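> Below you'll find the structure I mean.
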Amino acid sequence: MADSIMIIGAGVAGINCALNAAKYGTKVYLVDDTASIGGMMARLDKTFPTNDCSICIEAPQMYEVDNHPNIEILTNTELRKVNAANGGFKVRLVKKAKFVDEEKCTGCGECMKACPVTVAHEMDGKVGGTRKLIYMPFPQAVPNVAVIDPDCRSGKMREKGACVGGCVVDCSQCRECPIALCVLACKKEGKDAVRLWQGSKNIDLEVRSIVVASGITDAKPPKGLHGYEVYDNVITYTQFERLMNAGGPTGGQIIRPSDKKHAHKIGWIQCAGRGLDHGVPYCSKVCCMVATKQTIITKEHDPSVETIVYYNDLKAYGKGFWGFYRKAKENGVRYVKARPYDVFEDPETKNLTVRYEDLETGELRKDEVELLVLSTGLLPSERNQRLAKVLKIELDKLGYFKEKDPLMAPLETEVKGIYVCGGATGPIDISESVVQATAASMKAILNRGNEGAME
Ligand SMILES: Cc1cc2nc3c(=O)[nH]c(=O)nc-3n(C[C@H](O)[C@H](O)[C@H](O)COP(=O)(O)OP(=O)(O)OC[C@H]3O[C@@H](n4cnc5c(N)ncnc54)[C@H](O)[C@@H]3O)c2cc1C
């Protein structure tokens, strides 16, 4: 039986699962289908309830993973096939091309400077984030390797001024490119790491156990919800997180998308879209504390900024969370138990009027704010369905992985040898993810065979 384990998903849960297993001497394959490890935590500014800098906590762990002799990181990699074999699992993975040689790239950034095309960054386009067609997923990315937007190589970016994609033959046919500015810049640095002709690669492994740590994603509100995608100054709480982040697109300046001016009065609508046909049909647990964190940090940036949280039910379920909420109130954050029913924009100022029912008094009220943040909740990873099919395990009705027994076996699945932790189990915060990850790693190490699994 193989001595190694595989972890799918390299957010804070996958990373902690990997580090724990590796410290016990187990060989770990840490797989993520994006270009860097880190998950959601790498995008956050500070973390409740301590308000420590998120990437300052996670980056050293990412670095440790990268340098651990027992851990092999496989980014841009998808799981394609799994079969029970020899008491463990035979696994087929596909590593999609980054079009950059991971061994040769040093992350120097010269290729990015040379690239002539700038596009909106998928992470924070709405609040001003941009990237080149060859780019680093984020500054602390691990591996610290650039990746090329596949649309560039396929020629879809020619109209935007891309230097490649206009040849008679496809990039995959050449082994030398005299045209691409990123290739030339990299050669000038003496690296020759850009590989426009790179293809996908199959990887076959045998592992003892598999841990699913595929995490969560932030729910995107439907167009029109409280003015989202209709009015410029309505953003989501993930976009606000990027806005207040010193490493984000505005360098931590809390400015409005419409005029790039500082916002002096900001509202947060909690449970935005919850309970609607297209919305999130459950409480995501973390949003009250996320909004509380965001108001506290906003006031740290500028104590004169007015902050209002329109909430339904206040969830402060964890250790230190109630004190965190009290701190926000002492700092002047206004919490209004309210049901907002519409939002409209002043076309001149681009300010937003929120009309709501005050649930304490039953009165209809309104406030004018300069920026409106929608706390939209957490959803399961949109890749869970495909993953569940390959692993032959079930999802619950919400799309998270189903536990074997929610009380007595919450990290196990119906298939012996396949475990689950972190956001893959449901809405969760960071500390709970770490606890689950550590426990799941022990279960994965201690698994002594899965005869009869996956039949
Ligand atoms: C705006 C916002 C603010 C937050 N602030 C806080 C906070 O201050 N404090 C706190 O405790 N929590 C906070 N949270 C919650 C926190 O982000 C989660 O608890 C945490 O990210 C869960 O970690 P995870 O590793 O389980 O999942 P993730 O961070 O989502 O990582 C999952 C990883 O799996 C990968 N993946 C997904 N599917 C596949 C697949 N099929 N194959 C391969 N890889 C896959 C993803 O690419 C990703 O890298 C916040 C959440 C949001 C949205």
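The numbers here are math on the coordinates, done by the rules we state, and not lab data. Keep in mind that this is a model prediction, so the values were computed, not measured. Cβ atoms come from the backbone with ideal geometry, glycine included; neighbour counts cover every protein chain shown.
> Skipping prolines and chain starts, which residues have an amide H placed within reach, meaning under 5 Å, of the one on V309, given they are 5 or more residues away or on another chain?
Hits under the 5 Å cutoff: W268, R334, Y335, V336.
> Moving on. What do you get for GluC sites (Glu not before Pro) in region 325-354 restricted to DSSP loop and a cutoff of at most 13 other Cβ within 10 Å of the site's Cβ?
Details: sites: E330, E345, E348; in loops: E348.
Passing both the DSSP loop test and the Cβ count: E348.
> Mind ordering 63-71, 292-300, 75-83 by average Cβ neighbours within 10 Å, highest first? Let's see the in-between values first.
Details: 63-71: 14.8, 292-300: 22.0, 75-83: 18.4.
Going from most to least packed, we get 292-300, 75-83, 63-71.
> If you don't mind, there's one more thing I want to ask. Relative to the Cα centre, what is the charge dipole magnitude of region 219-378, using +1 at the beta carbon of each Lys and Arg, -1 at the beta carbon of each Asp and Glu, and rounding to the nearest 20 debye? Write down the numbers at each step before the final one.
On the way: 23 positive and 21 negative charges, 141 e Å.
For this selection, approximately 680 debye.
> Looking at C115, G128, A22, which one has the Cα that reaches farthest to the positive end of the dipole of region 1-142 (charges on Cβ: Lys, Arg +1; Asp, Glu -1)?
C115
> While we're on this one: How big is the charge dipole of region 372-455 about its Cα centre, in debye rounded to the nearest 20, if each Lys and Arg gets +1 on its Cβ and each Asp and Glu gets -1 on its Cβ?
On the way: 10 positive and 11 negative charges, 49 e Å.
For region 372-455, the charge dipole is close to 240 debye.
> S431 versus T353, label points 7 Å from Cα toward the beta carbon: distance in nm?
It is 4.3 nm.
> Please list the helices of the chain that count as membrane-span-like by this rule: a mean Kyte-Doolittle hydropathy of at least 0.5 together with Cα atoms stretching 15 Å or more along the helix axis, each helix being a complete DSSP H run. The partial results should precede the final answer.
On the way: long enough: 12-23 (16 Å, 0.91); 54-67 (20 Å, -0.13); 287-301 (21 Å, 0.12); 430-446 (24 Å, 0.96).
Once both thresholds are applied, what remains is 12-23, 430-446.
> Based only on Cα atoms, what Rg/Rh ratio does the chain have, Rh being taken as Kirkwood's radius? Can you show the working numbers first?
Numbers: Rg = 23.4 Å, Rh = 23.6 Å.
In the chain, Rg relative to Rh is 0.99.
> Another one. Would you order H264, H226 from fewest to most other beta-carbon atoms within 10 Å of each residue's own beta-carbon? Show your work: numbers first, answer last.
On the way: H264 14, H226 23.
Final ranking by Cβ density, sparse to dense: H264, H226.
> Then there's this: Loop only by DSSP, 15 or fewer other Cβ within 10 Å of the Cβ. Give me the GluC sites (Glu not before Pro) in region 195-254 that pass, ordered by residue number. Walk me through the numbers on the way to the answer.
On the way: sites: E206, E229, E241; in loops: E229.
Passing sites in region 195-254 are E229.
> Please work out the Cα center distance from region 379-426 to region 137-180, rounded to the nearest Å.
36
> Name the long-range amide H neighbours of K81: under 5 Å, sequence gap of 5 or more, or other chain; modelled H, no Pro or chain starts.
Residues meeting the criterion, in which the H sits 1.01 Å from N, are R92.
> With the radius of gyration and the Kirkwood radius both derived from the Cα set of region 219-378, what is their ratio Rg to Rh?
Numbers: Rg = 14.6 Å, Rh = 15.7 Å.
Ratio of gyration radius to Kirkwood radius: 0.93.
> Charges on Cβ only, +1 for Lys and Arg, -1 for Asp and Glu, centred on the Cα centroid of the chain; of V280, V145, V336, which one is farthest towards the dipole's positive end?
So the residue we want is V145.
> Any idea which of M244, I73, I57 is furthest toward the positive side of the dipole for the chain, if Lys and Arg beta-carbons carry +1 and Asp and Glu beta-carbons -1?
Comparing the listed Cα positions along the dipole, I73 ranks first.
> While we're on this one: Taking the number of other C-beta atoms within 10 Å as the exposure measure, put S258, S284, S441, S375 in order starting with the fewest.
Numbers: S258 16, S284 22, S441 31, S375 27.
Ascending Cβ contact count within 10 Å gives the list S258, S284, S375, S441.
> Moving to a separate point now. In region 219-378, what % of DSSP beta bridges are antiparallel (nearest 5)?
On the way: 14 of 30 bridges.
Here the antiparallel bridges make up roughly 45 percent for region 219-378.
> Can you give me the Cα centroid spacing of region 32-54 and region 262-314 in angstrom?
19
> Check cross-link reach from K402 to the lysines: straight Cα distance under 25 Å, and skip same-chain residues fewer than eight apart.
K81, K90, K220, K285, K315, K389, K392, K416, K443
> Another question, then. In nm, to one decimal, how far is the modelled label at T106 from the one at K389, with both set 7 Å along Cα→Cβ?
Taking the two extended label points, one gets 4.4 nm.
> Once label points are set 7 Å from the Cα along Cα→Cβ at both N331 and R175, what is their separation, rounded to one decimal in nm?
Those two pseudo-labels are separated by 5.9 nm.
> Sticking with this one: Could you give the dipole magnitude of the chain about its Cα centre, charging the beta-carbon of Lys and Arg +1 and that of Asp and Glu -1, in debye to the nearest 20?
Numbers: 60 positive and 58 negative charges, 143 e Å.
Charge dipole of the chain: 680 debye, to the nearest 20.
> Mind checking the full-extension length gain between Y24 and W322? Use 0.36 nm per residue of separation minus the Cα-Cα distance, one decimal, nm. Provide the component values of the computation, followed by the final result.
Numbers: separation 298, 0.36 × 298 = 107.28 nm, distance 3.66 nm.
Residue separation times 0.36 nm, minus the Cα-Cα distance, leaves 103.6 nm.
> May I pose another question? When the helix-only estimate is applied to the chain (DSSP H runs of n ≥ 4, each -39,500 (n - 2.57), divided by the residue count), what is the mean residue ellipticity at 222 nm, nearest 500 deg cm²/dmol? Show your work: numbers first, answer last.
Values: 10 runs with 100 residues, N = 455.
When only DSSP H runs of four or more count, the value is -6500 deg cm²/dmol.
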